[in-house]
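Read the structure below first, then the notes.
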Amino acid sequence: MYSKIGATHRTQAALYARDTGLSDPGAATRPAPASTLVLEREAPSVGPALTAREEGVLRLLSEGLSNRLISRNLGISEKTVKNHLNSIYSKIGATHRTQAALYALHSGL
């Protein structure tokens, strides 16, 4: 289902589920998928690991903005946003933008 909707919608869905307390009733009986394991670790301080620009990109991503809107908001190219996101993913151990958005929320960005 998620592959058919855009990344912004997936991020918004994750934020909505978090805010409303919605969860899958069968989730407690199934092992967590590997893609969610990054969220179970203690979120390290965002401070020294990310640059100020990366924090800005991550903050806007966590608000549900697309790469294009992030680039317009920060006055940088869309390619630069993608480069920042790849660096962020590498530093925080995320594999996609939803994990990065949840990391930002858990880190208090």
- Message: Anything in region 49-68 that is without any contact (Cβ under 8 Å) to a residue 40 or more places away in the chain and in a helix (DSSP H, G or I)? List them, or say none.
- Response: 52, 53, 54, 56, 57, 60, 67, 68
- Task: Would you point out the residue of region 74-109, among those that are of a type in the set (S, T, N, Q) and assigned to a helix (DSSP H, G or I), that is surrounded by the most Cβ atoms within 10 Å (Cβ to Cβ)?
- Result: 98
- Cβ-Cβ below 6 Å, separation at least six or inter-chain, first residue in region 76-93 and touching a residue at least 40 places away in the same chain (Cβ under 8 Å), second surrounded by fewer than 16 Cβ atoms within 10 Å (Cβ to Cβ) and of a type in the set (A, V, I, L, M): which pairs? 91/49
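All of the numbers you see were taken from the coordinates with simple rules; none came from a lab. All of these numbers come straight from a predicted model, not from anything done at the bench. Methodologically, a virtual Cβ is constructed for each residue, glycine included, from the backbone with ideal geometry; neighbour enumeration extends over all protein chains shown.
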